[in-house]
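Below is one structure, written out as structure tokens; the observations come after it.
Read-outs: derived from the displayed coordinates by stated rules, not from any lab. As the structure is a computational prediction, the values presented were derived from the model and not from experiment.
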């Protein structure tokens, strides 16, 4: 499909969306703030009708069974209620139902039949309600089994680990914010690079996530899974928050409503927010990490049929990094545990986003979303992994740099219908993304300023167009089957500025999915998910390989369920398998292409949630994985840095007002650092804590990281390097030290 055809299709879809009308239903609204409530569950007395409110709080009642006299409404964080239909005041076929805020008891939570986000939906909503978000890292850790590590200063995207994957910075996990992709294709540092630091944690409304390649609306990088962050459409209160701690750490956040309605239901909102952060860091060489974030967001109803969301954000940061240091340098006393070999590592980056989404209700009952987005992105990173191995005189420092524009469109059509006597849901969509990357660079430098060798320099143009179709059929009121297929097309172009050569290639892949959900009752849901996914490879690889084998497929299956045992105990289990085909990897730190091989991973995930007493919650996540390379001797089949056993959990005391607190642990077991398991990346066990007091007009508290002040290595690599006074290079563990005992005080005023 050509670009001009895509534009014509988009315009016609948006225009047609505005024409058609909305069906009858109810709005679910917060009784205090008058803000619409998303993800509220509406059920009929016989449980044959199950719907969830959209971001406007709307639930379509067209399919409500005849002779229904009342509906029950529930949402985590609100008081459940049962409403007689005759008591509702309908105006133009629409009524409002108000819910009162409260800290939910697990005894009130039931498991809903839904294949939209799989069985993780209930667990995820519980977590974000019970465990308040303290920082951007805690956002990612809401995904059970997901670990992160920082190894180049606070401004670089974290390294991610999940389901037996060292995901690097996002190669095998699809991450979006308000539908806009976070992952960067053909990035200067690594494929799928996902930097979430442009998100202000206090503005996150909810997080959707799931694992595996089973969801048709998720495309590139969705092999280990996906994460969707949704920011607030309404700001309930103006607020000013200030934080401070050791190492000259200061952070402030401000959020202001520019438009706040006093009506029965807020139909529109406009707010601005900003964040500033500075810290010297806990390293011997100060990081002087400085970050700024800003956002302005509008959400409102254009009419009864259409609502519009528009967001503009800006982000910039710069820092100095201590980098990775070899074990021998610490053992010999050359540097301390928090020292640096090359004190000139670090970088700067910025990202500016514009995002517009139109949600429309058609007269035939369909729901249509049209989204356009644009990002302006800049990245410049200085690293030194091998010190003096390659250049004994000037050192091995490298600069990775790029200047990027991203243009994108997402269109979704969703409609309920009957196929014979079976209820069904159709979901179809088109997604287009076009990246224009200028001066993608890999250069050897000295002291950041002197160029010693220019390795790679060029321009990347990458078009990714995807289309999908999904059909969910409810064969009984318990069993639903969803079949889907997704098609992807890539057009890759690279202009090499060092030799003036131009190469291009095209490639495509088809990904079928087949998912089964069996909703036994409000306490048990079972599922079997199957699908084919992929992650794309760097444009510089695609054009060299002429588009061959650069979209390596991944085949996966998940078998599991969610169980509510008793009144206050939730268990989520998953037995999973994932197989990846041959792939090529562009190593951004060296400017070379490495051929990968086939791999297989299988394992078990278990999540437990228990309300011990009123307002006192316990949670435990355990993930076990067996990751191996295929087609090589067993003794050489280990996947470097792939986690084999992880666990996260803790205790949380949560009340709407008054004292709140949590005590949490993180554990990652030892894991192989090379293919033969002869070098080990040491595991760690950490405890973090938080205590807060909240009132209606203010809140205060403190958080503690690494309560026991353990000495641990946050990231580790088996790297061959040479120090300046060494005659030969040495291969061993190089690491970035983890946070020592660190506390942060915070105070928030609500205006």
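Observations on the model:
- The stretch 167-299 shape via C-alpha gyration tensor axes, a/c threshold 1.5: oblate
- Shape metrics for the stretch 270-397, restricted to C-alpha atoms - Rg then Dmax, Å: 23.3, 74
- Anisotropy class of the stretch 594-751 from Cα gyration tensor, a/c 1.5 cut: oblate
- Mean residue ellipticity at 222 nm, helices only, the chain: -1500 deg cm²/dmol; runs of at least 4 DSSP H residues each add -39,500 (n - 2.57), and the sum is divided by the number of residues.
- If the convex hull is drawn through the Cα atoms of the stretch 213-256, its volume per residue in Å³: 152
- Compared with the dominant Cα axis of the chain, that is its longest principal axis, helix 3-19 is turned about 30°.
- The stretch 472-582: equivalent-ellipsoid semi-axes (sqrt of 5 x gyration tensor eigenvalues, Cα, Å): 43, 15, 10
- Relative to the longest principal axis of the Cα atoms of the chain, helix 120-130 runs at roughly 80 degrees.
- Antiparallel bridges, percent of DSSP beta bridges restricted to the chain (to nearest 5): 95
- Entry note: the stretch 374-494 has Rg to Rh equal to 1.30, where both radii use alpha-carbon atoms and Rh is the Kirkwood radius.
- Labels on offer are [x] 27.0; [y] 29.3; [z] 30.8, and the one holding Kirkwood radius over Cα pairs in Å computed from this structure is [x].
- Evaluated at q = 0.14, 0.17, 0.23, 0.28 Å⁻¹: base-10 log I(q)/I(0), Debye formula over Cα of the stretch 584-661: -0.68, -0.80, -1.07, -1.20
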